Structure formats: structure tokens, C-alpha cells
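The values are calculated or read from the model by the stated rules, or taken from the named source; none is laboratory data. None of these values were measured; they are calculated from a predicted model. Here Cβ is always computed from backbone atoms with ideal geometry, including for glycine, and neighbour counts include all displayed protein chains.
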Amino acid sequence: MVKNKTGIWITGASSGIGKAAAKEFARTGSNVFVSSRRVTELERLNNELNDENLNLNIFPCNVASQSNVDQVVKKILAESKLDCLVNNAGLTSFKLAAENSIQEINDIINTNLLGSIYTIKALLPHFIQNGGGTIINILSVVVSKIFTRSTVYSASKAGLLAYTNSLREEVREHNIKVVNIIPGATETPMWSQEVRKEKSDLMMSADDLARVIVSAYLQKNNIVTEEITLRPITGDLK
Ligand SMILES: NC(=O)c1ccc[n+]([C@@H]2O[C@H](COP(=O)([O-])OP(=O)(O)OC[C@H]3O[C@@H](n4cnc5c(N)ncnc54)[C@H](OP(=O)(O)O)[C@@H]3O)[C@@H](O)[C@H]2O)c1
């Protein structure tokens with residue numbers, strides 16, 4: 001059972017881990033707000049859930065735009081209190097540092113790092129006023145293990161880890177829980193069709209990950225799940 005009826009906001013819910021998390025949260029009876037840039041994919045997800053008599057609140061948002069984040073947060077809060085933010089929106093390029101365009105570098109940093117900071121900044125006053133909340137960040141094992149073709153991605157996730165670890169100490173007094181989920185390879189559209197076809201057995205499923213995300217949120221009372229690392233039993237992809 002969900003601990004209360006206030007809302008959950010999930011960014012990047014049109015695909016992969018965010019989509020699976022939206023379904024899993026909706027099944028607990030939460031009031032789920034979903035964002036991403038592709039509204040048609042959010043509508044498709046909502047239609048899938050309608051078949052289970054569940055419903056999502058669709059609020060398109062490009063988290064790389066600070067003004068868009070602020071507008072969307074205002075709109076969501078006009079409808080409901082929020083108890084949880086899931087910072088999931090993210091992307092990577094799988095290119096060597098020398099091959100990344102400036103546009104790709106900006107997109108990855110602006111979405112993965114700044115986008116998450118924008119959503120947190122926009123919601124902190126609300127959580128403080130409410131007497132608490134939960135901020136769940138979907139990071140990656142790149143924060144602690146070195147991979148090539150991941151320079152900017154690693155910088156974005158390691159930056160968010162540093163930001164949120166510091167934030168956690170600042171907001172304890174407000175009963176705000178900061179949860180960092182650190183997954184290894186997960187089978188989602190982030191990976192090319194070829195990799196997914198060849199290596200799906202060596203990857204976690206987004207649905208399995210989503211169950212862990214929701215259970216971290218559901219921890220009761222004064223427990224905060226500060227950090228969870230999740231890997232396929234076979235270890236990281238080679
Ligand atoms: N798959 C893995 O192996 C893995 C491992 C560790 C961590 N992660 C992390 O898990 C998170 C989800 O990734 P995924 O694997 O589920 O990939 P995915 O299937 O490609 O999903 C990425 C989601 O982020 C959204 N998004 C991208 N840019 C956005 C923006 N500027 N504003 C709002 N939404 C944006 C996309 O929606 P739109 O395109 O519609 O905007 C999509 O819903 C990411 O943060 C990723 O770094 C993934």
C-alpha cells in the first residue's frame with residue numbers, strides 16, 4: 001500500500017526505466033504525474049494503464065529547459081501536492097570524447113545533470129513546506145566504475161551524485177529523503193537494437209528495476225534508503 005495519496009512526479013516516463021516506474025507507482029495507488037518530451041508516448045503509456053483501470057497525469061516537460069521545468073512544476077502543484085520526485089530523464093551518446101559534438105555534450109549535461117538540479121530546485125520549497133518528501137535519482141554504475149565512450153555521461157552522473165550527497169545532508173532537517181539508485185546495464189531503448197538483441201540476457205529488466213525504485217520510496221518512518229547499486233547477476237557488460 002502506498003503511504004499516502006499525494007503525488008509522484010517521474011521525469012523521462014515515455015520509455016524504459018521511467019515508463020516501468022510509472023506503471024509500478026500507479027499500481028500502488030499513487031497519483032502519478034509523468035513527463036518527457038514525447039507526449040504521444042506518454043499517451044500510449046496512459047492507454048496501456050487504462051486497460052488496468054489506472055490513470056496517469058500527463059505533463060510534457062523538457063527538463064533541460066529551466067523555464068519549462070518551473071512552468072510544469074507550477075502546473076502540477078496547482079493540481080496536487082507532490083511527495084516524491086523521480087529524476088529519471090537521461091540520455092547518452094556512446095561516443096568517444098573526440099567524437100562528441102558540442103551539441104551532444106550540452107544535451108547530456110543539460111538533461112542528466114542540470115535537468116535534475118532544476119527539478120530539485122523547483123520542488124524543494126514545496127517539500128520543505130509540506131514537512132518532507134522523497135527525491136529519487138536514477139544514476140548509473142559509471143559513478144564508480146570506469147567505462148570508455150561514456151565521458152560526458154559519467155561526468156553528468158558523477159556530478160549529480162556529488163550534488164545529491166551534499167543535498168541529503170542539507171535537507172535531513174526537513175524530513176526530505178534523498179535516494180540514489182545506481183543501476184548497471186538495463187534493457188531499454190537507451191541501447192541500440194543490436195546490443196539489446198545480442199546482450200539482453202546480460203541486462204536487468206526495467207520492470208525489475210522499477211520494483212526496487214518503488215520499494216525504496218515505500219520505506220517507512222525515519223528510514224531513508226540512501227543508495228542502492230543494482231547489477232545483473234552476471235556483472236557489468238563487457
Ligand atoms: N538503460 C541502462 O542501462 C541504464 C543504466 C543506468 C542508468 N540508466 C539511467 O536511467 C534513466 C532512464 O534511461 P533508460 O535506460 O530508461 O533510457 P530510455 O529508454 O532512452 O529513456 C530515457 C527517458 O528520458 C527522457 N528524456 C530524455 N531527454 C529528456 C529531456 N530533455 N526532458 C525530459 N525527458 C527526457 C526520454 O523521453 P523523451 O525522449 O520523450 O523526452 C525517455 O523517456 C537515465 O537517466 C539513464 O541514464 C540507464
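Some points to look at:
- Residues of the stretch 20-74 classified as closer than 26 Å to Gln129 by Cα and in contact with a Cys (Cβ under 9 Å, 6 or more places away or on another chain), total: 8
- Subset of the stretch 19-41 [more than 15 Å from the chain's Cα centre (by Cα) and either touching a residue at least 12 places away in the same chain (Cβ under 8 Å) or not in a helix (DSSP H, G or I) (or both)]: Ala26, Arg27, Thr28, Gly29, Ser30, Asn31, Arg38, Val39, Glu41
- In a residue-by-residue description of the stretch 52-64, the property of being more than 10 Å from the ligand (Cβ to nearest atom) and of a type in the set (Gly, Ala, Ser) applies to no position.
- The stretch 96-135, residues that are of a type in the set (S, T, N, Q), within 16 Å of the ligand (Cβ to nearest atom) and closer than 17 Å to Asn165 by Cα: Asn112, Ser116, Thr119
- Residue in the stretch 29-37 that is under 15 Å from Asp207 (Cα atoms) and either out of contact with any Leu (no Cβ under 6 Å at 6 or more places or on another chain) or more than 9 Å from the ligand (Cβ to nearest atom) (or both) present: no
- Single match in Asp70, Asp51 (criterion: modelled with pLDDT of 95 or more and under 20 Å from the mean Cα position of the chain (by Cα)): Asp70
- Residue in the stretch 5-27 that is within 16 Å of the ligand (Cβ to nearest atom), farther than 18 Å from Pro189 by Cα and surrounded by fewer than 17 Cβ atoms within 10 Å (Cβ to Cβ) present: no
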